[in-house]
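A short worksheet on the structure shown next.
The values are calculated or read from the model by the stated rules, or taken from the named source; none is laboratory data. Small disclaimer: the values here were computed from a predicted structure and weren't measured. Positions of Cβ are generated from backbone atoms using ideal geometry, with glycine treated the same way; all protein chains shown enter the neighbour counts. Remember, those area values only see protein heavy atoms, side chains included, never the ligands or the DNA or RNA. Shrake-Rupley method; radii C 1.70, N 1.55, O 1.52, S 1.80 Å.
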Amino acid sequence: MTFSKLTSLLLCGGALAFASPVFADTELKVYISSQHQPDVWRKALDQYEAKTPGVKVAIETGGNTSEAQAQYLNTVMSAKDSSLDVLILDVIRPAQFAAAGWTSDFSGKDLSGYLPAYVEANTVDGKVVALPAFADAQFLYYRKDLLDKYGLQPPKTWDELKAAAKKITEGEGRPDLQGLSFQGKAIEGAVCTFLLPYWSQGKALVENGKLTFDHDAAVKALSLWKSFADEGVAKKNIAEVATDDTRKEFQAGNVVFAVNWSYAWAKSQGEDSAVSGKVGVARLPSVEGGEQSTCLGGWEWGVSAYSEHQDEAKKLVEYLSSQEVSKFMAINGALLPTYADLYKDAEIAKAAPWFADALQVVETAKPRPVTPRYNEVSEVIRTTVNAVLAGVVTPEDGATQIEARLKRILR
Amino acid sequence: MTTTSILKATDAQEQRPAAWTRWLDLGDRPLALLLLAPATVLLALIIVYPVCRLAYTSFFNLSLTSGMPAEFVGLDNYRLMFDDPVFWETTWNTVLITLITVPGALVVGLALALMANLPFRTQWPVRLSLLIPWALPLSFAGLIFAWFFHSEYGIVNDVLIRLGFEGIIWFNSPGWAFAAICLTIIWKTSSFMALIILAGLQTIPRSLYEAADVDGAGRLRQFFEITLPLLKPSIVVALIFRTITALQTFDIPYMMTGGGPGTSTSTLAMYIHQNTVSFLDLGYGSALAVVMFALSMCVTTVYLRMIRTKE
């Protein structure tokens, strides 16, 4: 390229850069992870653009796991980068983001219409730091057709599940049919994997900010998952399975029972699903003599403290967190509403019949420990679950390791 | 380049002074300083300052999740490190990766260089295929090999099964996961070794081999008596670069196993990343980074000594 061409190009570029803000709308950038159906959120955002002149909203996607997203956001936010205006945050993160001063408060916002669990997750030291995007909990997905074929009911305990899975996989005789799929990879979901049978024994991990670790219950929880892998109910490489792997394999018809979040429903009923119309959803089983417990999920909308469009961003978040959008996302994306009333909505019931029973599950779901140092708590639990499932450490040693390391973090 | 060599260069120019040097009318030394200044300022800004800042931060309890201002804690972060089993495990993994992949890449790289130096009629396809692994970004290589070694969809297990062996769940056991990572690193880095060694090979005069042929020395003898000794300088340079990058291994294990199963394939660089980027514990992360910096400095010093004694 000659010098004169380069110069003229630079001049043009410079002229454009100076000229464009004069005509431009306010452009807001929303961070949504790629696993959260950005295509469906896009439709909700299109509706917002249509009724809000002067505001354009762009989606930035990234990271298909909760930790990948958190790592990306940690980098952006600690650099005080103003490029993102609105952020989707896993339910465990508002506390950390608020402590770091990364989100703007919604002062005076009345949260009373939302489900109580989300009011709690989004309120830090009396301040509203984010607004609920959607509710979530883990459920047991099962193949209704296969259970009917073998005359089985959805299991109430993990032992029943194990027996049912064995009966079906042996009866079907397909080597690629897995009895149970759950998350054994060292991802955020593996924290819930550990907590499900731990909580089911009536134990708590943290109470009033103090560690209340029950060693025996932890050993039992880890042994339960390991036994699924050892007995061939789950596949051998379960330590490699992440949330969306469970969803894909279930959808391909290769799994009888699956532990997953609500989003898997819409996909399992989709056009490219091999199991459309054959899927049932139930509460997760309990340990023998324990309570049926599940992990509280859900995601929140926060406004970046470094956004240069605070007012516009907050207005957008109010819209995204409204009943209207909550209903839209329930129907089109199978995301559980954050408003109790919507669970009885007729249109939603038509799209996802099991939502009617899901309200009780979400209301009794247990939150993971709320602490600004949650990332460290999570890392300890998920890497240990992963190591136990891979057979690197025994459930006993795993429980001891979790206890020792959590003591250091929550001292 | 050292100061003296620059001074020599300017001496040579002095004999036919260009218009602009007369206009500047500077002596040798000020001119040299002036010419060195931009590079020095740049290095100070992007290397010296961050390193000093890192060392400074390592004496503070600075965690973005606490919401508290930084507090001076002296050597506490370093003391914490000594009781931290994950620090020891990741450091050991890093050392092990270095000890396995540096010699591994050297042997493979040497073999590749010798092959590329064979009298092919058209040399560019050979050279190009040598360049490709080197030109590929590390994280891409990690992702590609993660799929190669995937227990169900990977090509490695496919080949194993076709040959009548049983498939291996590579990332489910620390040993196999470690082996897969080391193989990938060796594949990725041996081409860099090969390129440097190839350059060295081409400086060896053909006449030496002809003389050896006349003296009746065999192929093997020629390799050990001529090729290898004359390649030593290139090999040392290649080793320095490779060892330093091996100590900083991050991308490939990060993409392939994420440090798993458990923390059994996690490296020191990954642990630093985890503490700073995920846990936002900048104080502890800085202390870990200072240790890694010290480790790299030690190794580099040893190598530099080796070269100097050679000279």
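Key figures
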quantity	calculated
Value in Å of the Kirkwood radius, where chain A supplies the Cα pairs that are averaged	22.6
Antiparallel content of DSSP bridges confined to the protein assembly as shown, in %, to 5	65
Sites B:S139 and B:V214 - FRET efficiency at Förster radius 56 Å, r taken between beta-carbons, to 0.05	0.60
Loop-resident sites, the range B:145-216, for chymotrypsin sites (Phe, Trp or Tyr not before Pro), counting at most 13 other Cβ within 10 Å (DSSP)	B:Y153, B:F165
Chain B: DSSP helices with Cα axial extent of at least 20 Å and average Kyte-Doolittle hydropathy no lower than 1.0	B:28-43, B:85-116, B:174-201, B:228-247, B:282-310
In Å², nearest 10: area of A:D244 left accessible to a 1.4 Å probe	50
Euclidean distance between Cα centres, the range A:195-256 to the range A:55-124, Å	27
Residue-span extension gain [B:R305 to B:F241] - 0.36 nm each, minus C-alpha spacing	21.5 nm
Charge tally in the Cβ shell below 15 Å around A:K210, where Lys, Arg are +1 and Asp, Glu are -1, A:K210 excluded	+2
Within 10 Å of each Cβ in A:232-240, the average number of Cβ atoms from other chains	4
Value of Rg to Rh for chain B (Rh from inverse mean 1/r over Cα pairs, i.e. Kirkwood)	1.06
Over chain B: helical MRE at 222 nm, DSSP H runs n ≥ 4 each giving -39500 (n - 2.57), nearest 500	-22000 deg cm²/dmol
Accessible area expressed per residue, the protein assembly as shown, with surrounding protein chains retained (probe 1.4 Å, Å²)	48
Occluded residues from the range A:28-77, i.e. those whose accessible area drops by 30 Å² or more once the chain is not alone (1.4 Å probe)	A:Q71, A:N74
Chain A, relative contact order [Cα under 8 Å, separation at least 6], %	24
Gap separating the Cα centres of the range B:234-311 and the range B:64-80, nearest whole Å	23
The protein assembly as shown, accessible surface, carbon-and-sulfur percent (1.4 angstrom probe)	62
Peptide B:171-177, shielding by other chains (average Cβ, 10 Å cutoff)	4
Partners for A:K344 among aspartates and glutamates (Cα-Cα distance below 16 Å; same-chain residues under 8 apart left out)	A:E324, A:D357, A:E363
Total accessible area lost when A and B pair, probe 1.4 Å, Å² to nearest 100	2100
Value of [θ]222 nm, deg cm²/dmol, for chain A, DSSP H segments ≥ 4, -39500 (n - 2.57) each, nearest 500	-14500 deg cm²/dmol
Anchor A:K220: aspartates and glutamates whose Cα lies under 17 Å away (excluding residues fewer than 8 positions away in-chain)	A:D159, A:E160, A:D230, A:E231, A:E288, A:E291, A:E396, A:D397, A:E403
Protection-proxy order for peptides B:213-223, A:246-256, B:239-249, each taking the mean of Cβ atoms within 10 Å per residue, highest first	A:246-256, B:239-249, B:213-223
Two-decimal log10 I(q)/I(0) for the protein assembly as shown, as the Debye equation yields it once each C-alpha is a single scatterer, q = 0.05, 0.06, 0.12 Å⁻¹	-0.33, -0.47, -1.43
